[in-house]
1. Looking for whichever is in a helix (DSSP H, G or I) and either open to solvent by 40 Å² or more (accessible area, probe 1.4 Å) or in contact with a Gly (Cβ under 6 Å, 6 or more places away or on another chain) (or both) here; the options are Ala160, Ala174, Ala134. Which one fits?
2. Being farther than 21 Å from Tyr30 by Cα and touching a Ser or Thr at 6+ places or on another chain (Cβ under 8 Å): is that true of Gly125 here?
3. Determine whether Ala41 is in contact with a helix residue (DSSP H, G or I) (Cβ under 6 Å, 6 or more places away or on another chain) and more than 15 Å from Ile136 (Cα to Cα).
4. Residue by residue through region 28-67, note down the ones that are β-branched (Val, Ile, Thr) and open to solvent by 30 Å² or more (accessible area, probe 1.4 Å).
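The values are calculated or read from the model by the stated rules, or taken from the named source; none is laboratory data. This structure is a prediction, so every number in the text was calculated from the model and none was measured. A quick note on method: Cβ atoms are made from the backbone with ideal geometry, for glycine too, and the neighbour counts reach across all protein chains shown. Ligands, DNA and RNA are stripped out before the accessible areas are found, and what is left, the full protein with its side chains, is counted by its heavy atoms. Shrake-Rupley method; radii C 1.70, N 1.55, O 1.52, S 1.80 Å.
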Amino acid sequence: MNLPNLLTLSRIIMIPVFVAVFYFPVDWSYMVSAAIFALAAVTDWLDGYLARKLDQSTPFGAFLDPVADKLMVAVALALLIQEYSAILLTIPATVIIGREIVISALREWMAEIGSRGSVAVSYIGKIKTTAQMASIVGLLAFPPGQFLSDVAVGLLYIAALLTLWSMGLYLKAAWPDLFPEKA
């Protein structure tokens, strides 16, 4: 167990704390749940940076990091879908969650056939993640109906569009393995 892996594990441990704080019947629950999510987003960046910088990448970390990310994002989006109870937020949130499931399955299958490198994280995926994290922090920090929550919904739509774009890039890269031409 090393520091990057501990940071990754901390994101998973933060999930029940995040959910509990989100549902506290107090005025500050929005802002504190947003801060917890933002801390999780920072640890996501930091664990990868430290793993590379300290040469502490491990198979366990490579497995757990995307799981922790997807769990935190999916839980946050599920809470926000419930809180906002609006189709305008539900559409991009379900696009993002659906894409994560499709790409996770694709990566797993590609790894099984020995072609995982063809579906490595793309630059568009990194931009998507940044937009997604920023929008979720904004949606958590500002209750529905506030101007900044509306801005965050707009940012979530940008993240959803980038999500679809990056999924297209992944599928294009995997296409030859998904549908090999018969000789």
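1. Details: Ala160 fails: either open to solvent by 40 Å² or more (accessible area, probe 1.4 Å) or in contact with a Gly (Cβ under 6 Å, 6 or more places away or on another chain) (or both); Ala174 fails: either open to solvent by 40 Å² or more (accessible area, probe 1.4 Å) or in contact with a Gly (Cβ under 6 Å, 6 or more places away or on another chain) (or both).
Residue meeting the stated conditions: Ala134.
2. Considered against the rule, which asks whether it is farther than 21 Å from Tyr30 by Cα and touching a Ser or Thr at 6+ places or on another chain (Cβ under 8 Å), Gly125 comes out as yes.
3. Numbers: in contact with a helix residue (DSSP H, G or I) (Cβ under 6 Å, 6 or more places away or on another chain): yes; more than 15 Å from Ile136 (Cα to Cα): no.
When the stated conditions are applied, Ala41 does not pass them.
4. Scanning region 28-67 gives Val32, Val42, Thr58, Val67.
Per-residue answers, yes or no, for (1) on the phi > 0 side of the Ramachandran plot; (2) at pLDDT below 90; (3) open to solvent by 20 Å² or more (accessible area, probe 1.4 Å); (4) of a type in the set (A, V, I, L, M, F, W, C):
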{"position": "Leu71", "(1), (2), (3), (4)": "no, no, yes, yes"}
{"position": "Glu83", "(1), (2), (3), (4)": "no, no, yes, no"}
{"position": "Ala111", "(1), (2), (3), (4)": "no, yes, yes, yes"}
{"position": "Ser115", "(1), (2), (3), (4)": "no, yes, yes, no"}
